[in-house]
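The values are calculated or read from the model by the stated rules, or taken from the named source; none is laboratory data. Everything numeric here is computed off the predicted structure, so don't read it as measured data. All Cβ positions, glycine included, derive from the backbone under ideal geometry; neighbour counts span all protein chains shown.
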Amino acid sequence: MKILVLENPTRPLGAKDKKDFVKLLRGHQVTVQLTTKRRGLTRVNRDVELLIAIGGDGSVLSAAHLARGRGIPILGFNTGHVGFLAGITLENFRTELPHILAGRSMIEDRIALKVELPNGKVGWGLNDIGFDAIGRDIFAAELTVNGRKVSDFKSDGLVIATGTGSTAYNFSLGGPLLAPDSEMIVVTPKAPLTLTNRALVVYGPKVIGIRITGSPTCVTNDGIKTGIVKRGDVVFVHRSPVTVPIVFPADHNHFAAVGEKLRWNENLITR
């Protein structure tokens, strides 16, 4: 098995952890290539059978973009605190990694989004597609689903997120959490001017249209600039045919992990 390890230079493993990590990998008779995230790398070769992203959820997103369309399973190794895409952590990699390398794991195929601009530019996002008015202007747009008008929005911006991205920017905006393997996507306004403009959950295969009715707007895919659109332009967002296989331990429970990270079951009131 050939494994490519992408390490985020801003969140690297410590010397002892890295030594133990590499030793575990090589003990399973695998070929290991360790590199700093994105340094001299624009795509992942097809002969790679497992991609390990060391860092946080952002490192997993970077790995997903590098391996897009290759069908290569991605294992997140979280070296921070909050992260929902990590299969292993500093606390458990010595016990969990051998099981994963032996094939005792689960793989979730996560949906992604495709955004199409009127000028032909196309973007791809595992987490979300974002819309932000340029400068201090208000974002204004008409939202359609499969060509039917849903609503007019005036807000600071708009986020269209997958189940994977629902725990990211969407969640900080007050949007709902979706099951990570859900085919649904969520459209969430940023600080809407109309109180009743709330998040809308849409079936993934449907096509979302965003017609800009206000100031020039910057469109992003996973935080990467896709392009600028102006009044009258229509941007289409829909489910991408390309999914992303994410690797987790066999007993992984997404909502238990979310509850632990967000401290759902803790008594936060101190007397």
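Within the stretch 93-195, which strands (runs of 3 or more DSSP E) (wholly inside it) include 1 or more residues that are closer than 24 Å to G56 by Cα and under 17 Å from the mean Cα position of the chain (by Cα)?
105-110, 113-116, 122-125, 128-133, 157-161, 184-190
Can you confirm whether the stretch 99-113 contains a residue that is under 16 Å from T213 (Cα atoms), modelled with pLDDT of 95 or more and surrounded by 14 or more Cβ atoms within 10 Å (Cβ to Cβ)?
No, the stretch 99-113 has no match at all.
Restricting the stretch 196-207 to residues that are in a loop (DSSP other than H, G, I, E, B) and not hydrophobic (A, V, I, L, M, F, W, C), which is modelled with the highest pLDDT?
Filtering first and then ranking leaves K206.
For a quick check of your reading of the model, give me the residue pairs whose first member lies in the stretch 4-30 and is under 14 Å from L90 (Cβ atoms) and not assigned by TED's automatic domain parsing to the domain that holds I88, whose second is of a type in the set (F, W, Y) and surrounded by fewer than 16 Cβ atoms within 10 Å (Cβ to Cβ), with beta-carbon atoms closer than 8 Å and at least 6 apart or on different chains.
Cβ pairs passing all conditions: none.
Going through the stretch 206-249 one residue at a time, which ones are in contact with a His (Cβ under 7 Å, 6 or more places away or on another chain) and farther than 15 Å from I129 by Cβ?
Matches in the stretch 206-249: P249 only.
Which one of these is at pLDDT 90 or above and surrounded by 14 or more Cβ atoms within 10 Å (Cβ to Cβ): L61, L41, L13, L90?
Residue meeting the stated conditions: L61.
For L4, all conditions in the list (1) surrounded by fewer than 22 Cβ atoms within 10 Å (Cβ to Cβ); (2) more than 21 Å from W124 (Cα to Cα) hold save one; what is the number of the exception?
Every condition holds for L4 apart from (1).
For (1) of a type in the set (S, T, N, Q); (2) in contact with a Gly (Cβ under 6 Å, 6 or more places away or on another chain), each residue gets a yes or a no:
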{"residue": "A199", "(1), (2)": "no, yes"}
{"residue": "T226", "(1), (2)": "yes, yes"}
{"residue": "F236", "(1), (2)": "no, yes"}
{"residue": "S240", "(1), (2)": "yes, no"}
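Go through the stretch 228-271 and count every residue that is under 22 Å from the mean Cα position of the chain (by Cα), within 30 Å of T144 (Cβ to Cβ) and part of a loop (DSSP other than H, G, I, E, B).
Final tally of qualifying residues: 4.
State which residue is surrounded by the fewest Cβ atoms within 10 Å (Cβ to Cβ) when the search covers only the stretch 210-244 and only residues that are over 25 Å from D57 (Cβ atoms) and without any contact (Cβ under 8 Å) to a residue 60 or more places away in the chain.
G232
Residue check, T226 against (1) touching a Cys at 6+ places or on another chain (Cβ under 9 Å); (2) under 30 Å from T89 (Cα atoms); (3) not charged (D, E, K, R), all met but one. Which one?
For T226, the failing item is (2).
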